Structures are given as C-alpha cells and as structure tokens.
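Notes follow once the structure below has been shown.
The values are calculated or read from the model by the stated rules, or taken from the named source; none is laboratory data. Worth saying up front: this structure is predicted, and the values here are computed from it rather than measured. Every residue, glycine among them, receives a Cβ derived from its backbone with ideal geometry; neighbour counts consider all protein chains shown. Surface accessibility is based on the protein's heavy atoms, side chains included, excluding ligands, DNA and RNA. Shrake-Rupley method; radii C 1.70, N 1.55, O 1.52, S 1.80 Å.
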Amino acid sequence: MRIAFLGLGIMGRPMAAKLASSGHDVTVWNRTAGKIVEGARSAATPRVAAEGAEVVWVCVSDTAAVEQTLFGTDGVEHSLKSGMVVVDSSTISPTASRKFAERIRTRGADFLDAPITGSKIGAENGTLIFMVGGAAETIERVRPLFMSMGKQVIHMGKNGDGEAAKLGMNMMIVLIYEGFAEALTLTTKLGVDQKAFFTLIQSSMVRSGVVDYKMPFVEKNDFSPNFPLRLMHKDIRLMMEAAAESGVELPALTTANQIYDEATAAGMKDLDYAATLQIVKKRAGIK
Ligand code: NA7
C-alpha cells in the first residue's frame, strides 16, 4: 500500500520502519528535519507526504500536534481524497479525536483512532497492541498494516473510543506503578531487602505486567526513557480533562499527578515515568 507516515519519534520511527521493511511504499515526514527511515522516502510537509497516499498514519506527541499535522497550513487535509484512510496512533483527547474524525469524513476520507501499547520495545519488535475506534470495515482495510507493526488489534467501538480506552489503560499503569513505588519505599525504609521483596511480588498474586517490565530497570537505577515521564504526565492531564468533562472523580490519580508535577519541576521530564519512584523515595529521605 502507499502510506504516508507522519511523526518519527520514539514510537513512530520504528513503526514506519516496520511498514517499509514489510514491502509497503512509505513516505515519511517529521517536524524536525533529519530523521529518516531506511527504505522510505522523506517529504518536506505532511501535505506533500500525503499526496497520492492510500493511508496516512500519524504518531505525534499530543492533541495540538495532531491538529497541526492534519489541519495546519501544510497539513494532510489539503491532500485528502475520497477513499483515503487516516489513522492516528497518538494518545490525544477523545473529544478532539472525534472532531478530527468528523472533519476528515467531510472530505470523503475515513478516520481511525488507533493508539498503541507496548512501549518502545513493542514498536521495535513489531508486537504493539492497537486499540481502535472507528468503522469495522475501515479496520479490515488497514489490517495488514496493523499486523506489520503489531500483534493484536482490539476494536473498542466508535471514533474516540480507542483514545478513551488508552486513557483508562494508562491510568492503571500510573496507579499500579505508584503502588509499587510506595510499597518499595515503605519496605525499604522498614529495612526489608529489595531483592527479597521483588521475589515476593513475583511469586504472589500482586504480580503485574507493569512491575515485571519496570523491575529490572529499577534494580539497575536505569531511568532512560522507554516511555518518557513528560508523555505520561500529558496523558494524566488528558485523563483529568476527560474526567472533568464527564463528571467523574479520580482521587488516586489526582494524588499521583502531584508526584508527576514534582518530578517535572525536578527536571525529570525526559526520563522514564519509572523515575517517579525517586520522588517518593526523596520524600521519605532515602538516597
Ligand atoms: P516522542 O518521541 O516525543 O516524539 C514525538 C513526535 O511528535 C516527534 O516526531 C515530534 O517531532 C512530533 N511533534 C511534536 N510536536 C509536534 C507538532 N506540533 N507538530 C508536528 N509534530 C510534532 O513521542 P513518542 O514517539 O514516544 O510518542 C508518540 C505518541 O504515541 C504520543 O502521543 C504518545 O503518548 C504515544 P520533532 O522530532 O520533535 O520535531
């Protein structure tokens, strides 16, 4: 298929590389020039990248970035043709995503919100999971592309439902990790051996995929970014915005957000979100 891939960040670049190495005809664009993908052409603007494409795939940081890429001066909108499909794998506001879908549809194209889970490693290995909002027929048309980059596609419902599901899932990641960070901090302060505590967690019912994934990094004090804290903090703001819009209270998340605020103020925004453990430890006076 002829694909325009827009956004070559931590996630986007390996995703575009998987499409190119699967034999698709890929043109990439990135806001800051200089990022390239082997086997793909580079375009100067989203508009140029999208010209003649059957599918336009977007993976940029936030709601404003998606809006700019789709509808800005040199945005995708100018190259939209009837029958094209736009897929957005960025994590953004569900409400905004629904509006973007409506605007794309007025041009005869279709839109899927298809945020991802699986982190940098999943993007590099082609094992991402996509949670998708939009029409089932449109999902089927682009299924081969999903399967070049990932291992599973879950249809969540109508447009925006993929984004809503992603916020719910990331909320669980934030709270599970915060629970782990607080438990580790308390037990450390009480004198429990960290390795023994890890063994207990992995042997018992509190075992979790999130902790399994982060534990080796915590053991090595390696907080280099797999999922940068700044992006999880952005997602927390999206969760709180969606909660305010729909009249839902999120007391635990509100507390976790304070830790993220403090971590950001301490200059940790480009580290992995796992670095929030350092804030909890610092508050407890643990070096
Ligand atoms: P990164 O590694 O922070 O990359 C973000 C990408 O978004 C990168 O290509 C940026 O271009 C691009 N970006 C940022 N702002 C804009 C604007 N205003 N217009 C166009 N492009 C922009 O993020 P990830 O790849 O880890 O994650 C991408 C999404 O998936 C995000 O929503 C996550 O929450 C999930 P740059 O190179 O800075 O010019």
Expressed as a percent, the accessible surface of the chain that is carbon or sulfur, using a 1.4 Å probe and the full set of protein chains, is 56 percent
At R0 = 22 Å the Cβ-Cβ FRET efficiency linking Arg283 and Phe197, nearest 0.05, sits at 0.70
Distance in Å, no decimals, from the C-alpha centre of the stretch 1-76 to the one of the stretch 223-287 is 29 Å
If one compares the long axis through the Cα atoms of helix 94-105 with the longest principal axis of the Cα atoms of the chain, the angle in degrees, nearest 10, works out at 10 degrees
If every Lys and Arg gets +1 and every Asp and Glu gets -1 at its Cβ, then about the Cα centre the chain yields a dipole, in debye to the nearest 20, of 440 debye
Helix 251-265: inclination vs the chain longest Cα principal axis, degrees, rounded to 10, gives 90 degrees
Extension length gain for Asp212 and Lys99 (0.36 nm per residue less Cα distance), in nm, is 36.9 nm
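Would you mind getting me the FRET efficiency between Ser224 and Ala136? Use the beta-carbon distance for r and R0 = 41 Å, nearest 0.05.
With a Förster radius of 41 Å, E is 0.55.
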Given 280-287, 163-170, the highest-first ranking by average Cβ count within 10 Å works out to 163-170, 280-287
Here, Lys81 and Arg41, labelled 7 Å along Cα→Cβ, have an inter-label distance in nm of 1.3 nm
Amide H contacts under 5 Å for Asp272, restricted to residues at least 5 apart in sequence or on another chain and with H modeled in the peptide plane, are Ser224, Asn226, Leu229
Contour minus Cα-Cα span, Lys158 to Asn125, at 0.36 nm per residue, comes to 9.0 nm
Here FRET efficiency (C-beta to C-beta, Val48 to Arg143, R₀ 30 Å, nearest 0.05) is 0.65
Rounded to the nearest 10 degrees, the helix 136-149 long axis (Cα) sits at an angle to the longest Cα principal axis of the chain of 60 degrees
